[in-house]
Amino acid sequence: MAFEDKTLVCKECGKEFTFTAGEQEFYAEKGFENEPARCRDCRDKRRRSREGGEQRQMYTVTCAECGKETEVPFEPKDDRPVYCRDCFNKRRAQRD
């Protein structure tokens with residue numbers, strides 16, 4: 001089954017977000033039947049609040065593939081490329 005990116009609306013903040021083809025494929029592989037109801041930011045905030053509210057240190061980086069600015073939960077090393085979530089998922093799907 002071919003998946004295509006979908007635009008969804010977050011039930012928490014009301015902003016539109018993209019449910020990528022890669023994410024849809026992951027959901028299908030795991031047997032998840034429902035699409036995400038919240039955007040990535042709201043899901044992360046909700047997860048942190050359930051885990052005691054401790055906030056992770058995030059680092060702002062530029063994706064080595066598309067050039068988009070993104071945040072990652074680890075300190076990047078100069079000798080290794082860092083990718084945004086979409087490019088990372090695309091590269092992972094190509095390997096599999």
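The values are calculated or read from the model by the stated rules, or taken from the named source; none is laboratory data. Bear in mind the structure is a predicted one, so any value in this text is a computation, not a measurement. Reconstructed Cβ throughout: ideal geometry from the backbone, glycine too, with neighbour counts over all protein chains shown. Heads up: the accessible areas ignore ligands, DNA and RNA and are worked out on the full protein's heavy atoms, side chains in. Shrake-Rupley method; radii C 1.70, N 1.55, O 1.52, S 1.80 Å.
Kindly establish whether Phe19 is of a type in the set (Phe, Trp, Tyr), out of contact with any helix residue (DSSP H, G or I) (no Cβ under 7 Å at 6 or more places or on another chain), open to solvent by 50 Å² or more (accessible area, probe 1.4 Å) and not assigned by the TED database to the domain that holds Asn89.
no
Just to be sure I understand, how many residues within segment 61-76 are hydrophobic (A, V, I, L, M, F, W, C), under 18 Å from Arg91 (Cα atoms) and open to solvent by 90 Å² or more (accessible area, probe 1.4 Å)?
Residues in segment 61-76 being hydrophobic (A, V, I, L, M, F, W, C), under 18 Å from Arg91 (Cα atoms) and open to solvent by 90 Å² or more (accessible area, probe 1.4 Å): 0 in total.
Mind listing whichever residues of segment 1-24 are of a type in the set (Asp, Glu) and over 18 Å from Cys84 (Cα atoms)?
If the condition is that a residue be of a type in the set (Asp, Glu) and over 18 Å from Cys84 (Cα atoms), then Glu4, Glu12, Glu16 are the ones that fit.
Considering only residues of segment 22-43 that are among the acidic types (Asp, Glu) and crowded, with 16+ Cβ neighbours inside 10 Å, which is farthest from Phe88 (Cα to Cα)?
Per the criteria, the residue is Glu25.
Return the residue satisfying two criteria in turn: it lies in segment 77-96 and is within 18 Å of Thr20 (Cα to Cα) and either open to solvent by 100 Å² or more (accessible area, probe 1.4 Å) or hydroxyl-bearing (Ser, Thr, Tyr) (or both), and of such residues it is modelled with the highest pLDDT.
Tyr83
Take segment 22-76 and flag every residue that is modelled with pLDDT under 90 and touching a helix residue (DSSP H, G or I) at 6+ places or on another chain (Cβ under 8 Å).
Glu54, Gln55, Arg56
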